[in-house]
Each structure stands twice: as C-alpha cells, then as structure tokens.
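The values are calculated or read from the model by the stated rules, or taken from the named source; none is laboratory data. On a predicted model such as this, the values are computed, not experimentally measured, just so you know. Cβ atoms come from the backbone with ideal geometry, glycine included; neighbour counts cover every protein chain shown. The protein model used for the area step is the full one, side chains on, heavy atoms only, and it has no ligands, DNA or RNA in it. Shrake-Rupley method; radii C 1.70, N 1.55, O 1.52, S 1.80 Å.
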Number of protein chains: 2
Amino acid sequence: MTGSDHLAFTDEAAASSRAVRPADLRRHNLALVLRHVSASEGLTRAELARLTALTKGTISSLAEELIERGFLVESAPEPQGRLGRPPTGLLALNGDSHCGIGIEINIDYLAVSVADLRGRIRFHMAEGRDNRIGRRTKVLDRAARAVRDAARIASSAGLQPAGVSLAVPGPVDVERGILMRAPGLAWTDVPVVDELADRLADLGLPVLAENEANLAALGELWLGIGSTAGDYVYVSGESGVGGGIIVDGALVRGSRGSAGEIGHIVVDPNGPPCTCGGRGCLGQMAGQETLFRLAGLEPDQATRQVAGEPALDELLAMLGRGDLQALEAVDKVAHALGIALADIVNLLDPDSIILGGIYAPLSPWLIGPIVESLGRQDILGGRNPVAIHSSLLGADAAVRGAATLVVKQLMSGSVAETQGAVQPHLAGGQM
Amino acid sequence: MTGSDHLAFTDEAAASSRAVRPADLRRHNLALVLRHVSASEGLTRAELARLTALTKGTISSLAEELIERGFLVESAPEPQGRLGRPPTGLLALNGDSHCGIGIEINIDYLAVSVADLRGRIRFHMAEGRDNRIGRRTKVLDRAARAVRDAARIASSAGLQPAGVSLAVPGPVDVERGILMRAPGLAWTDVPVVDELADRLADLGLPVLAENEANLAALGELWLGIGSTAGDYVYVSGESGVGGGIIVDGALVRGSRGSAGEIGHIVVDPNGPPCTCGGRGCLGQMAGQETLFRLAGLEPDQATRQVAGEPALDELLAMLGRGDLQALEAVDKVAHALGIALADIVNLLDPDSIILGGIYAPLSPWLIGPIVESLGRQDILGGRNPVAIHSSLLGADAAVRGAATLVVKQLMSGSVAETQGAVQPHLAGGQM
C-alpha cells in the first residue's frame, strides 16, 4: 500500500456520487463471481465461497442467477465427492450461449471475428482489400455483409450474437459513434455506428465503434500477453503507427478518445512532413511504407505485395538471409521507435511495451536496438527497466479484441443492469 | 456512458479481490459523507441524505462518528428551522482539529506548509537556499528544523499534526521511502523518509515522500485550478522541467514512480546532451537556466539573482518593456514546450495542460505560441482542443499539495481503518 493507492478510496467514493446499497452489493458480487470463474477453468461453489469470502448460500444464489442468464454452466457433479466432500459440479463460463461479433475496417484489409463467453474465437475471416479506393458506402456494405455472414454462422453453431463492435483506424467519438479522423482511409467525421447499424437493422443488434489500436490493446489484455504485462503501451506498426494504453487493467481513452496516438510523436522536428501538420512524426519515420521503401521494396499500393508475395514476407526473408539494406531499414525504424518509446516511458512509466502489427514478426530485429535506446535514456539508471514484449495476436489483435469487448460488456453490463442480455451501454442506432 | 466506462465495472470487481460486506458499506458511506461535506461550505443532515440517497438515521449515525473523530464540526442550529423544517445545524469540515505538514526540499529553496482539514494553509515559510552545495545531512537537518517549527506553530494554534509529507525533486520509491534520483541535487538512492523520520522521532509522526511535481499536480487538483481542469498534465518549469499526470481525479505514478518525467521528452535528437543520457531533452531546451541564458541573464548560481534581484523578476521586467532578446528567449522555450506538449497531447489526450513553476508568470508570453504549435499538430483537426491553464499556486503548489495530502490521507485512511487518527499507510520509520 502506498500513499497514492490510498487516495483512490476517496476518489472512488467521489466518482460514485451515491451511496452503496444492498442492490449494489448483489451486482458487485455477481460481477465478482463472474470474474473469478472467468479467470479459472472451473470452480466449485466451495472454492468460490473461499475466494470471495461470501457464504456458500450466497454463492449458490448468485450462481443460480448466472446459470439462468446463460453466463455460467455447471458440469455434472462427480459421483464421489473429492476427499469425502459432498459431490458438487464445477461452474464455468458458458461457451455455448452468447457471442460477440468484431468487425475491422482497416486501410488494407477487412476482418471479422466471433468470440464466445470463454473468449474463444469461434469464427474468423480476413481479406486483403484496399479500402482507400472505391466509395465509402461500398466499404460499409462489405463490412455489413461480413457481419451478417458471421452472425449466421454463429447462430448455426447455437450461439446468440449479443452485439457488434467495429474497429476503425482512427480516433472515435464513442458516445456518438463517429469516426472522427482516419487519414489512412481519408474518412473524416463518419457516423460509422449508424451507418453499420442501419445496414444491419433487421438483426436488432447494438453496435459500437472504437479505434482499432485501442481494441488491439484490449485484445492483448484479454487474449494475449497483456494479462501478465502490468501497465503497458501497445504499439502497432501498420500503414501508420498506432497505440493503445492500458493502466490498471483499463483502457486510457483520453478526453477526446485519441489517447495512444503515438504515430504523431515527433521523432525528428526536421523530418518529413506528416498528414497531421507536424514534421518527422513516428508514423512517417517508422510506418510500414517507410520501412518497405528503405528496404528497397516497392509493394503494390493496393495489395501490399511484391511479385505476388506479401511485402512483409519478402522483408522477413531478406532479414533472414542477412540482406544489408533490409537490416539497415529495420535499424532506422528501431532507432525512431527507440526515441518515441523513450518519450513514452519517461511520460507514462509503464511496466511493459507490447510490439504489435508488423512489429511483432520483426521483433527479433527490433527489440535489441530498442532496449539499448531506452537504456541510454533511462532517467532511473536501469532500475526495473520496462519490458518489451512481442504481441501474441499479431494483426488479429484488434478484431479479436472487438469481438471480446462485446461479450465482456454483455457480462458486466448484464449484471450491472437488471434487464436481460441486451446491453444498453453499447452505442448504436438500435438502442 | 461509453463502452469503456462500462468496462470499469468488471475491472473494479477484479481489483478488489474480495466481496463487499456490511463493514465495507459503512466505510464507503463514511468516506462519501466526508466527500460531500468537503465539497461544500456546510450541509444539513437532510441535504446529506438527499445527496447520498441514505436515510436520515444512517446519516446521523455517520455524522456522529465523524464529529467524534474530529473530522466534522456542527454549527449551532438556527433557532427557527428554515421553511418550517425542524432546526438543524450545518455539518462542515473541522478546520481546528488536525493538520498536515508539507516540507519541500528543492534545488534552490526549502519550503514548509501547514494545511488544516478544510485545505486552508495555516502556516507557510519558504527560503532561498542552494541545496546542491553543502552536505546532504545539513540539508536534511534544516528540513527537520523547519518541520519542527511548523509543528510547534500548529500546536500553539490548537491543531494536531497528523503526519509529514516531503516533496523532493525526483522520482520516489514511495513504498520504501527512497528518493531514487534527483540529478539537480546530485542525490541518488537516498532513504529520505527514514532520514527525516529519524530526525523527528520524538514527534511520533508518520512521514512520506513523493516527487515534487506529482505533489504540485495534486496541489492544483485540491487547491488550485485542477479541480475544474478535467484530466490534465501539470508542467513545471524550474531548474529542470517536471510534470505530473492526473487522470480521473487520481495521480498516475507509473510502475516505478517516474510517470510525468516530461523533462526528458526528446525535443531535438541533435540537441545538447542531457544528464539522462539523451540529447535535446525538454529540460535542456526549456529549463530555467537555459531560458535565463538565452535572455542574456546570468544569475548567481546560488541565489538565482541578477544584481540583487531574482532573475525571474528581471526577465519579467524585460518582457514587460519588450526586450527583444528576452522575447526571443521565451519564444524558443515556447517552441520546445510546444513540441513536447504535442507529444503529450497525442499520447494522453488530456482535457488540459497546467503551466506551473516559472511557466505560470511567463504564461502570457507562452500560451499563444504553445496553442499555435498544438493546433498545427492536432490529429483531431481542432475538435475540442486541449485547454492551457496557468497554475494558481505557482511555486507553492508542491509544498501545499504535500501538506494537503496528509489531511486527505488522514480523512480517507481513518475511515478506511477502524483505528484512530494515525495513518498506517504513510510510509515511514514511525510505523
């Protein structure tokens, strides 16, 4: 316990402007049981009672409600109780009831995922498409079709879709469901939630939207390396450079939803101009296009391919055989990342940095120079230096995070509200 | 309500690893009553019941306990109840019971403050001293004498000191009470809490230490402009450049206690070398020494004076009469600040920036260029641009924040624990 931890107590009281009452207790305890079960492969009622310090009677009542709502499932009790205890079933998350649908519209691909309550991805589809060309309405039509396909496949597997979460490559006004600015797509102030919800009106599903880098950071938290990474900044190399910040297990969105836009940290004030109006931003110095160009690769703009192969595969092959130009290109990117990450570490002091997107497969060549750069500029002289991890989910992090966000909200929202499974905190035209 | 707000519910349940029980309810509600009273000039029991949605009986019981502990005081009831209501007194924070002592050891001054429960500063003393020269033990002796003087003055005013909070110019390991690194003082790994607590052993007061920029950010939150600034980054120009980050009304300390060390954001990778090992750090480009030198002022290193006047006063006079060299110097500093603040805004997306330390009196010359620089590089194209405020507390922010931290912890800690007024979460030798 430290002084500042302690301050949280009063601040928490201030944040909840009303008193705690018995109904709040039950909601809190429902969520608590769900969390403990989520973190396990299955728990008995007795184990839950011990973990939560609630009575077995209370646990039984909470479990009954959660089973009835389709959140928990109970395995058949063993015929003989272990060690003479009375026979009791294991409570686990119900992987065969509800699901969430994640859909990602990115600059050069479209992807869709279906996640069940256990966080398992039950369906996944990704297709390369240059979404910068062609009309926006066509892109949204295609996204809606992908959601519709995913919902049909989920239903045929007995899963009930609870909502749709859309990942887009730019900051989102979450309350209004508006993608504010995605320079990569040349989209500005697009009401993406309404656009998608209108196209899916017959499904009756709530829709939300969020920046893909934020969803990727959450994806790593729930499904990837984030759960053991402490506070971290997720850094994603794609067409630009994006990022998401996790502090105390929660996403830091910022006042306008644009926290984590690390692609616009200035690496060199005399560098090339950036779409944001600055010069020498990280995205210009370390994004995918710059990296490929420095390595002498000139992929087709639409397909990101070089002679029929993905440019990234070609770059990895060059690095594997020690190609000097490729090694120098990655070194330059690592140098730019090192400067920006030192700024991030000095500002936020996270436990970890997670390298995602194309930086994940490139991490064997990136981590060494980055660690060196951070070490050179560590104001604490090497005390507990920040850990650098490679993403486990790679390019799927955002869409998997999006699908999982729906089921996480379903579970927390449904115990927070007393109404059924529809989640009123998901923004969207269907509310 | 947004999607990510909503996630906090499950995360909160996860953070508190046990269930909520009736005793927790009472602690929560005690803290809640204190918060409501703190935010007011005085409230009746009926007003408190309405604000908290608790019954009047519960409010009376909570109020009785808080009066008994010396936290609240009740004014005499009006002889006639207003509007026919039964007569009832107003409950307010008791400004005449406990107090906190803040002490700041900075590079070129020593300051001490005494704050009462109402957040009023009851005693304040600051003296210019070059704490880089002379032995560390002498500096700590002088700080202990200042605390002793403050405690004596507080006692003679009927205030009971509850603890001592030490502000130092560098990141602190709060749990161990160690100042890890203060390049400005050339202090490394100094157990400042034990050193100060040993010197004050007879007073029997708990002691904590924290980075002065973090305490200044909290000072602005509690006593200055921070309470209406939303999420903000406090930026302090002194011998170096320091900072503190407030998100959701709480300090972001980081994994090692060094969050907010914005003095080491790289402004120009080809700039002059910095003590941190980097080049062109903000502290080098925009700190007090650089500013004075650029303005043609060469203050005495020990006293920061030019011909018997504080260098800052001389600089302000030069700016006032339109001295070109001074104006250019401030412009250069504003340019460097603009680059670093754009990085901060893109990374954290705060509602506000608060300019503190010497930047507060210089803000008339700084804010224009900073706003322009941020606008040029705003990834959201001017939507709700970040607000730039000037600190209300100036150089006193840290020591006032330190003194107030003690009374804030006393109030939240004392209702969190069931034991009396001593606060076991303050680190220190007296525990």
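Observations, loosely collected:
- Hits in region B:91-105 (condition: within 26 Å of B:A197 (Cα to Cα) and open to solvent by 10 Å² or more (accessible area, probe 1.4 Å)): B:D96, B:S97, B:H98
- Any chance A:L393 is away from chain B (no Cβ under 13 Å), within 21 Å of A:I262 (Cα to Cα) and at pLDDT below 95: yes
- Near pairs, Cβ below 8 angstrom, 6+ apart or cross-chain, from region A:340-351 (over 18 Å from A:I246 (Cβ atoms)) to any residue that is of a type in the set (S, T, N, Q) and part of a helix (DSSP H, G or I): A:A342/A:S373
- Here region A:356-390 is the region considered, the condition is being small (G, A, S), within 14 Å of another protein chain (Cβ to nearest Cβ) and at positive phi, and the residue that is most open to solvent (accessible area, probe 1.4 Å) is A:G381.
- When B:D351, B:D343 are screened for being within 14 Å of another protein chain (Cβ to nearest Cβ), under 27 Å from B:R383 (Cα atoms) and either more than 27 Å from the chain's Cα centre (by Cα) or at pLDDT 95 or above (or both), only B:D351 passes.
- Among residues of region A:245-272 that are of a type in the set (D, E, K, R), those with a beta-carbon under 8 Å from a residue that is part of a strand (DSSP E or B) at least six positions away or on a different chain give the pairs A:R256/A:D173; A:R256/A:M180; A:E261/A:G242; A:E261/A:G243; A:D268/A:R279.
- Residue in region B:132-141 that is farthest from B:R400 (Cα to Cα), counting only those that are open to solvent by less than 70 Å² (accessible area, probe 1.4 Å) and not acidic (D, E): B:G134
- In summary, B:Q325 fulfils each of the numbered conditions (1) open to solvent by less than 50 Å² (accessible area, probe 1.4 Å); (2) assigned to a helix (DSSP H, G or I); (3) over 22 Å from B:R129 (Cα atoms) with the single exception of condition (1).
- Qualifying positions in region A:150-179 - within 24 Å of A:S255 (Cα to Cα), hydrophobic (A, V, I, L, M, F, W, C) and in a loop (DSSP other than H, G, I, E, B): A:V174
- Single residue of A:G226, A:G242, A:G260, A:G219 found to be within 13 Å of the chain's Cα centre (by Cα), crowded, with 24+ Cβ neighbours inside 10 Å and on the phi > 0 side of the Ramachandran plot: A:G260
- Note on region B:142-173: among residues that are more than 22 Å from B:H98 (Cβ to Cβ) and within 13 Å of chain A (Cβ to nearest Cβ), the one that is most open to solvent (accessible area, probe 1.4 Å) is B:D173.
- Selection status of B:G204, touching a residue at least 60 places away in the same chain (Cβ under 8 Å) and in contact with a helix residue (DSSP H, G or I) (Cβ under 8 Å, 6 or more places away or on another chain): no
- Test: residue in region B:107-127 that is crowded, with 18+ Cβ neighbours inside 10 Å, more than 23 Å from B:S236 (Cβ to Cβ) and of a type in the set (A, V, I, L, M): yes
- Checked against (1) within 10 Å of chain A (Cβ to nearest Cβ); (2) open to solvent by less than 30 Å² (accessible area, probe 1.4 Å), B:G237 passes all but a single condition, namely (1).
- Among residues of region B:24-72 being of a type in the set (S, T, Y) and open to solvent by 20 Å² or more (accessible area, probe 1.4 Å), the one that is nearest to the chain's Cα centre (by Cα) is B:S38.
- Test result for B:L54, at pLDDT 60 or above, within 12 Å of another protein chain (Cβ to nearest Cβ) and part of a loop (DSSP other than H, G, I, E, B): yes
- Across region B:407-414, not a single residue is classified as away from chain A (no Cβ under 14 Å), surrounded by 24 or more Cβ atoms within 10 Å (Cβ to Cβ) and touching a strand residue (DSSP E or B) at 6+ places or on another chain (Cβ under 9 Å).
- Checking B:A250 against (1) open to solvent by 10 Å² or more (accessible area, probe 1.4 Å); (2) among the aliphatic types (A, V, I, L, M); (3) more than 8 Å from every other protein chain (Cβ to nearest Cβ), the condition it does not meet: (3)
- Test: residue in region A:298-310 that is open to solvent by less than 10 Å² (accessible area, probe 1.4 Å) and either within 21 Å of A:L337 (Cα to Cα) or touching a residue at least 24 places away in the same chain (Cβ under 8 Å) (or both): no
- Qualifying residue in region A:196-205 (condition: touching a His at 6+ places or on another chain (Cβ under 9 Å), of a type in the set (D, E) and closer than 26 Å to A:A154 by Cβ): no
- The sole residue among A:A229, A:A250, A:A286, A:A295 that is touching an Asp or Glu at 6+ places or on another chain (Cβ under 6 Å) and small (G, A, S) is A:A250.
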